[in-house]
Amino acid sequence: MNRAISINLALCCVLSLASPGCDSGSGGQTFDVAKSSAARVTDPPVSATDSATLAADNEAFALAAYQRLAATNENLVFSPSSVSIALAMAYAGAAGTTASEMASALHFTLPPERLHPAFDAVDLALSSRGEGKTGADGGPMRMHVVSSAWAERTYSFKSDYLDLLAANYGAAINLLNFQGAPESARVTINDWVANQTEQKIKDLLPQGTIDALTRLVLVNAVYFNAAWLYPFDPANTADRSFTKLDNSTVTVKSMGDHFSSLPAMKGDGYSAVALPYQDDRLSLLLVVPEVGNFASFEASLDAAKLDSIVAGLTPQPVILDMPRFKVETDASFVEILQDLGMTSAFVPGAADFSGMDGTQNLYITDVLHKAFIDVAEKGTEAAAATAVIMGVGAMPTGLMISADHPFLYFLRDQPTGAILFMGRVLDPSKN
């Protein structure tokens with residue numbers, strides 16, 4: 001991707017803690033906020049059917065994107081929810097072929113008038129998680145979702161588009177001087193991203209992604225920090241061997257413990273276990289294919305298989321051994337989205353985002369994504385950003401699950417079905 005090209009539309013999702021303010025941070029611009037007259041809808045009238053449809057659609061996109069990301073990454077983490085929300089905000093302004101291609105690539109099947117309220121409901125549900133619970137760092141649990149938009153201060157957008165962003169995504173329009181000071185504007189957005197992710201996601205927008213032709217950067221932010229409901233005993237953590245796909249081994253710090261009851265199962269060629277956080281509506285699902293079965297299992301993974309795994313989990317004693325892991329991923333989603341059929345949105349003149357400004361001047365030039373996850377004995381911390389710019393005595397008994405070879409993971413919100421983070425661990429020594 002040539003990052004020196006002009007940017008008319010950039011979109012960005014980030015894992016975050018708070019709403020944007022008017023302090024730019026070091027090196028950036030101060031900015032004004034153009035507020036829509038529309039208030040955030042805090043109790044959207046969304047049916048159970050629409051909620052289930054959106055969950056299924058987002059799951060399908062998550063797995064389609066995973067298959068393509070997995071082709072070019074070793075260890076992997078990304079935030080399907082963040083990517084979907086940011087692109088949904090862009091989709092809200094799309095029309096014609098651009099809109100139909102985006103809906104197909106993102107697996108959106110709800111009509112727009114039901115899609116955006118359904119995203120609002122998921123967003124609000126996720127933001128309500130964790131009250132009174134503990135984070136992985138010993139502080140309060142944080143599960144925050146927030147959206148914003150960064151616009152060229154001299155450019156005009158349609159009021160109904162701004163109202164939609166405000167009502168369904170809580171996104172105000174922050175005005176920046178892209179034309180006169182694009183580098184300062186880039187620093188301002190990057191500083192905001194870093195602040196919202198507790199400094200876990202830095203420099204989301206590289207040099208060259210913002211220039212004098214930039215008109216809009218859409219941002220969704222999520223930040224997650226939660227303690228396990230059943231933490232691992234640090235006394236059991238030890239150096240253990242992890243077998244990689246090529247059958248070579250590395251020595252890693254591995255956590256081990258016996259749990260009297262966890263949702264788990266033994267499937268055909270794999271084992272799975274869900275580790276609940278203190279807010280047990282959220283859990284980390286580990287899926288561990290048998291040695292030699294990882295590639296075929298991964299290639300066959302689709303929504304039906306994932307759903308069958310989740311449905312097959314039953315509470316039972318589990319003896320679990322798994323490595324600590326910390327994974328960071330930095331990727332462009334442009335080729336992934338193009339491969340999924342979203343093409344015209346990236347072509348000047350062919351892109352139709354007339355729902356934003358009444359013209360066909362805007363187009364997407366890049367979709368950047370950064371993500372981070374740290375899984376250890378006490379819990380999990382995760383952040384991401386997408387720019388469209390975890391004894392001696394009687395031997396315990398239970399299902400034996402040893403993640404001492406490549407495995408997949410899914411950080412899920414069970415009531416909404418949202419996959420907040422997902423990825424794989426092929427070599428936990430590469431943190």
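Taking the criterion of being surrounded by fewer than 21 Cβ atoms within 10 Å (Cβ to Cβ), at pLDDT below 95 and assigned to a helix (DSSP H, G or I), the residues of the range 87-142 that qualify are Leu124, Ala125, Ser127.
Scanning the range 143-180 for residues that are in a loop (DSSP other than H, G, I, E, B) and either outside the structural domain of Ser47 (by TED's automatic domain parsing) or of a type in the set (Ser, Thr, Tyr) (or both) yields Thr154, Tyr155, Ser156.
Being over 25 Å from Thr42 (Cβ atoms) and either of a type in the set (Asp, Glu) or modelled with pLDDT of 90 or more (or both) is the filter; apply it to the range 168-179 and report the residue that is surrounded by the most Cβ atoms within 10 Å (Cβ to Cβ). Checking each candidate, the answer is Leu176.
Once the range 329-342 is narrowed to residues that are modelled with pLDDT under 95 and surrounded by fewer than 18 Cβ atoms within 10 Å (Cβ to Cβ), the residue that is farthest from Leu275 (Cα to Cα) is Glu335.
Apart from one condition, Glu59 fits all of (1) in contact with a strand residue (DSSP E or B) (Cβ under 7 Å, 6 or more places away or on another chain); (2) of a type in the set (D, E, K, R); (3) loosely packed, with under 14 Cβ neighbours inside 10 Å; the exception is (3).
When we screen Val187, Val193 for residues that are out of contact with any Pro (no Cβ under 7 Å at 6 or more places or on another chain), closer than 17 Å to Phe372 by Cα and of a type in the set (Val, Ile, Thr), the only hit is Val193. Of the residues in the range 11-22, not one is in contact with a Ser or Thr (Cβ under 8 Å, 6 or more places away or on another chain) and modelled with pLDDT of 70 or more.
The values are calculated or read from the model by the stated rules, or taken from the named source; none is laboratory data. Nothing here was measured: the structure is a model prediction, and the numbers come from that model. Neighbour counts are summed over all protein chains in view; Cβ atoms, including those assigned to glycine, are modelled from backbone coordinates with ideal geometry.
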